[in-house]
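Scroll down for the structure; my scribbles are underneath it.
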Amino acid sequence: MNTATPIIEIEDLTVTFGVDGDERRAVDGVSFSVNRGETFGLVGESGSGKSTILRAITGLVANEAKVMRLAGADIRKTRGKDFYRKVQMVFQDPYEALHPRHTVWRQLMEPARIQNIQGAEARGHAALDAVGLSRSLLWRYPHQLSGGQRQRVAIARALMSDPEILLLDEPTSALDVSVQAEILNLLCDLQDERGLTYLMVTHDLGVVAHMCKRTAVMQAGVIVETLGVDALVHGGATQEYTRKLIAASEAYGEDPHDAAQARA
Amino acid sequence: MTDTLLSVRDLKISFHGASGTFDAVRGVSFDLGREKLGIVGESGSGKSMTGRAIMRLTPPAAMVRAERIQLGEVNILSASEATMNDIRGRRIGLIMQDPKYSLNPVVTVGEQIAEAYRIHTRSSSAQARERAVAMLGAVQIREPERVYRMYPHEMSGGMGQRIMIAMMLVSEPEILIADEATSALDVTVRLEILNLLNDMVQKRGLGLIFISHDLNLVRRFCDRVLIMYRGRVVETLKASDLDQATHPYTRGLLDAMPRIHTPRKRLPVLTRDAAW
């Protein structure tokens, strides 16, 4: 793993909603870069613009940027077919992200057909194996699956095009903690096996501490600070807002004894 | 626990379907005093169904049986529908997770709160309006007068949830059932809402049933916790003693959580025992 090469480079990204006179900058001049094979977190409250960044990267919302390079390609104006193969997204609520009237198998085959992927069937089976889904579930519909199984299908679908980058938008916040543990372990395994790069949006500092090396803290469309997760959890935050966020998570978060012991 | 507001004994809820009988709740008993009682469990553990049964709001297909569901002098199991209508909202409030589906999209949020107040207190509309605005202030909404005139689609998730809470608290119920009421909120907003609920318990003697999947939150916020798994209470603990939990399911849940301060390479995954 060559940690020196950034695979995601973003400079001065701005997303504006609304028309003249009633404009709101959802993302206001955000810059960051993520190295290959790294997991980079975007943390912040709802409305801080963290999910909008993912949507801007995929082209789901109009945006302006000085630099926006993913996997070496400039994607400010156009995104080639290659882009959609290399970059895939996993959403928060797998029930909304999956087609309600497609079977598991069809969910996987659809992107393969659109992307013109060769050997789709073999890949489909491989993707299911990779996420630990049994073949017996192939012909089920999303409503016949549990929440964890649905999220596995969504991840399997993202793996169909053999991507380099996964954009993860709160991938476990709709799941039970026991299932969350399984999905987070799965994401770690996939990263080890395939050298994937994750850009992960979450509001859960526990998940950030577990998954990420570095994270950006966002408020009102701006990155307040970018820091290593070690620094984040060990009181190295320099900004008032970051400290407030940590304090609020800890107020009803994990046991204070654990925290005190870890600090000592 | 000084006095018991609500007493539930051997509650069972089952569904009869084409593929046989499914037991969603299999014998749950507890007493609620003027306290914060947490009910924790995964989805499908029957925690929400238990909350619904107390208000007799289970789906028509559900078969509810119990030795007793007693709210003060009222036997919930045999009360008339008219009595239940009087209880719902006035004596027992219910806050659900998603305000999007709980608010009327074509009525301003202020009017919805005022309506809840008027139905339960027979006050004038001017009084109700005044109470509704005051309540919006109490749930930390800035500019309550302006928000009063707004529609649900103009709210963020956190604001919508605070509207729901205001609507439930405006008629000053004895018992509040909060079903994942703070799960969708940001940590900072959540803190404010929890402080508000805490105040209601401390100052007004509200009995709070706090249904949640978040063990950390329940451990720090509640007084007592029931841990539910597949329709049964597997363990009842003082919230502060959650670390001393002995049941393997509770231990498994605690272990599976990512920790901020003591990182681990892999998260332990819960192994389930059919005997639980």
Find the Rg to Rh ratio for chain B, where Rh is the Kirkwood radius over alpha-carbon pairs and Rg uses the same atoms.
0.98
Along the positive direction of the dipole of the protein assembly as shown (beta-carbon charges: Lys, Arg +1; Asp, Glu -1; about the Cα centre), which of A:215, A:153, B:233 reaches farthest?
A:153
With a Cα-only, solvent-free Debye model of the range B:96-172, what are the log10 I(q)/I(0) values at q = 0.14 Å⁻¹?
-0.36
Number of partner chain Cβ atoms within 10 Å, mean per residue of A:176-188
6
Rh_Kirkwood(the range A:121-197) over Cα pairs, Å, one decimal, evaluates to 12.8
Test item: A:45-51 mean partner chain Cβ contacts at 10 Å:
3
Can you give the three extents of the C-alpha atoms in chain A along their principal axes, from longest to shortest, in whole Å?
51, 49, 40
Residue A:247/residue B:57 FRET efficiency (R0 35 Å; Cβ-Cβ; nearest 0.05):
0.40
On the formula 1/(1 + (r/R0)^6), with r taken between the Cβ atoms of residue B:90 and residue B:247 and R0 of 35 Å, the FRET efficiency rounded to 0.05 is 0.40
Treating every alpha carbon of the protein assembly as shown as one equal point scatterer without solvent, the Debye formula yields log10 I(q)/I(0) values at q = 0.13 Å⁻¹ of -1.44
What dipole magnitude, in Debye to the nearest 20, does the range B:46-160 give about its Cα centre under +1 on Lys/Arg Cβ and -1 on Asp/Glu Cβ?
180
What does the extension gain come out to for residue A:81 and residue A:114, with contour length at 0.36 nm per residue minus their alpha carbon separation?
10.9 nm
Per DSSP H run of n ≥ 4, the term is -39500 (n - 2.57); total these for chain B, divide by its residue number, and report the mean residue ellipticity at 222 nm rounded to 500 deg cm²/dmol.
-10500 deg cm²/dmol
Average beta-carbon neighbours from other chains, 10 Å sphere, peptide B:176-188
3
Any idea what the dipole of the protein assembly as shown comes to, in debye rounded to 20, about its Cα centre with Lys/Arg Cβ at +1 and Asp/Glu Cβ at -1?
900
Nearest 10 degrees is fine. How inclined is helix B:157-169 to the longest principal axis of chain B, computing both from alpha carbons?
80
Go through A:50/A:81; A:81/B:100; A:50/A:213; A:50/A:86 and tell me which ones have a Cα-Cα distance over 28 Å in this structure.
A:81/B:100
Using a Förster distance of 56 Å, how high is the FRET efficiency between residue A:162 and residue B:10, based on the Cβ-Cβ distance and rounded to 0.05?
0.55
Given H placed on each backbone N at 1.01 Å, which residues far from residue A:7 in sequence or on other chains put an amide H within less than 5 Å of it?
A:34, A:35, A:36
What percent does the relative contact order of the range A:5-151 come to when contacts are Cα pairs within less than 8 Å and at least six residues apart?
20
Counting only residues 5 or more places away or on other chains, whose amide H sits under 5 Å from the amide H of residue A:44 once H atoms are built in the peptide plane?
A:202, A:218
Length gained, residue B:119-residue B:264, 0.36 nm per residue minus C-alpha separation, equals 46.9 nm
In debye to the nearest 20, how big a dipole does the range A:115-235 give about its Cα centre with +1 on each Lys and Arg Cβ and -1 on each Asp and Glu Cβ?
340
Could I have the simple spin-label model distance between residue B:81 and residue B:199, label points 7 Å from Cα toward Cβ, reported in nm to one decimal?
3.9
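Rule-based calculations on the coordinates, nothing more; no lab input. Note that the structure is a prediction, hence the values are computed from the model and not measured. Backbone-built Cβ (ideal geometry, glycine too); neighbour counts: all protein chains shown.
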